[in-house]
Structure formats: structure tokens, C-alpha cells
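Let me begin by presenting the structure, written as C-alpha cells, before commenting on it.
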Amino acid sequence: MELDRVRAEVAKAERVVVLTGAGVSAESGVPTFRGGGGAAVWRGLPATTLSSAEMVASDLNLVWEWFEYRRGLIASCAPNPAHEAIARWQTRFPGFTLVTQNVDGLHQKAGSRDVLELHGNLWRGRCTRCRMVAELPETPLGEIPPTCPACASALRPDVVLFGEMLPPGAFERAAQAAERADVFFVVGTSAVVWPAADLPEIAARRGAFVVEVNPEPSGAGGARAVALAGKAGELLPEI
Ligand code: OAD
């Protein structure tokens, strides 16, 4: 049985990497990007238009209103058993790396440390002038746009928007971890967006055992990957 095979590989693994996407937060009530759930369109505008560098330049207030809507939704969401299992794994293996595409901060809320955030975090802002990063844990915000504690210029969300580059070094660190992984988990991501799609392939080429956890497996990780079809919040605690 696939689950037993996964357990056996995990039992002897020294370096484990977990890549997560929106699906790991689905059971917490956070809408996924491609699975419907109402997050794709807001005030008649598609998320791709709202979450774009062009919109930051043309209407930063609107971008913040949209982010405040999402921050408000996520503020009432708690980590689920998948986040909790992943947080426990960080002390179970000599080497453990968590890479996430999520911006909701739920991994950290569950106790994960040193999370490699490929797409930034909703609970931070970044100065449009001096680039300083500021924590913005409160929602609703006192003012829109929030201002930089250092230079008082407007902050933008510290999130990778459509058409923007990843934070410097983030992919490189994730790829290094993937190269060394014994077991590489792909959890709750359709893995269609670069670079998520590359990471399991890098791991597989270097001989890692790749496991996908998804109710609708996407085939991430190539032909030799094992697919566990089911919900992350049910399967990860079982592993
Ligand atoms: P998607 O919405 O594309 O994919 C979510 C995946 O989670 C799908 O494959 C679902 O089948 C799966 N899923 C749903 N419920 C699940 C559950 N309970 N357990 C496990 N899996 C479940 O989200 P991402 O792959 O994260 O980028 O999307 C990647 C990136 O696309 C996002 O980070 C975002 C977007 O463009 C930016 O915002 C820059």
C-alpha cells in the first residue's frame, strides 16, 4: 500500500523537504486559487488584475483594500492538522526544509520556523521607496496605505504579485534543499506556477523519493512520484 511505502521512506530519511500550496490551507477555510471558492474575483476584478505590479503603481489603495479583505478572511482561520504535522516534522529529521507558496502565515502560526516563503507574506508590508519591510499584524489597518516606519512613504504588500520576480535567493535556497532531499513532499499545490513545478523535478533527478499529497493529484514530481490521493489534514498526521 502506498501509505506504507511512504512511511518506510520517511522512517529512514535524514533530509526532508515539504513544498506546500493553497491546498494545505483549504481545510482551514482559506480559498485556493484555482479551486473556486470566491477568491479569484473581487468587486468584479480578477485577482490577476488586483494583485499586479501595474495596480500597485496605479491604485495602491485599491490593492490594499483587496489585501485587507483577504487578511480579514485569513485572520479568522486557524492552522489545521496538516500545518500542525508539518510543524512537528521540523524537529524529527536532521535536515528539514519547508517551502511554501502561501502568503497566509498559517505555517508560522502552527509553529513552523525558518519557512522559505516563495511568494512573501500578507502580514508584512514593504516600503515603495526605501524597501524596508514592516510587520503588519493588525487588521483592519489604521490607515490605507500603511506607511513606512523608517521614511513614512507608502508600504505595499510584501507579497509577490503577478508578473513580479521572487524574493532574491528564495528559489535558490529551495532548490538547494531539493537537491539534497531524501524525501520531497508536494502538498496541496497544482504546481503549475513556476518555480513550484521545478522543485520536485530537481529532487527527483537527484534521487529523492517524491510524494504528492492532493485529493486531485497533479502529477507533480514526474512519473516515479507516489501520489497519495486525499486531504492533507487527514494524510499528513497519518504519515
Ligand atoms: P492552486 O489553487 O493552484 O492549487 C491548490 C491545490 O490544492 C489543487 O491542486 C487542489 O487539488 C489541492 N487541494 C485542495 N484541497 C486540498 C486538501 N485538503 N489537501 C491537499 N490538497 C488540496 O494553489 P497553488 O498551487 O498554491 O501565486 O497556487 C500556486 C500559486 O498560484 C499561488 O501561490 C499564487 C498563484 O498564482 C501568487 O500569488 C504569486
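The values are calculated or read from the model by the stated rules, or taken from the named source; none is laboratory data. Remember, predicted model here, so these are calculated numbers, not experimental data. Please note: Cβ atoms are built from the backbone with ideal geometry, for glycine as well, and neighbour counts cover all protein chains shown.
Worth pointing out:
- Test result for Ala57, without any contact (Cβ under 8 Å) to a residue 24 or more places away in the chain, in the same structural domain as Phe171 (by TED's automatic domain parsing), of a type in the set (A, V, I, L, M, F, W, C) and assigned to a helix (DSSP H, G or I): no
- Gln90 meets the conditions (1) within 16 Å of the ligand (Cβ to nearest atom); (2) within 26 Å of Leu116 (Cβ to Cβ); (3) in contact with a strand residue (DSSP E or B) (Cβ under 6 Å, 6 or more places away or on another chain); (4) not hydrophobic (A, V, I, L, M, F, W, C) in every case but one. The failed one is (1).
- Residues in segment 141-158 that are out of contact with any Lys or Arg (no Cβ under 8 Å at 6 or more places or on another chain) and either within 13 Å of the ligand (Cβ to nearest atom) or assigned to a loop (DSSP other than H, G, I, E, B) (or both): Leu141, Gly142, Glu143, Ile144, Pro146, Pro149, Ala150, Ala152.
- Which listed residue, of Arg113, Arg129, is within 15 Å of the chain's Cα centre (by Cα) and over 19 Å from Gly29 (Cβ atoms): Arg113
- Restricting attention to segment 160-191, the residues that are in a loop (DSSP other than H, G, I, E, B), of a type outside the set (Asp, Glu), within 19 Å of Ile239 (Cβ to Cβ) and in contact with a Phe, Trp or Tyr (Cβ under 9 Å, 6 or more places away or on another chain) total 1.
- Of all residues in segment 22-38 being under 18 Å from Val213 (Cβ atoms) and more than 8 Å from the ligand (Cβ to nearest atom), the one that is modelled with the lowest pLDDT: Val30
- Condition met for Leu199 (within 11 Å of the ligand (Cβ to nearest atom), crowded, with 21+ Cβ neighbours inside 10 Å and in a helix (DSSP H, G or I)): no
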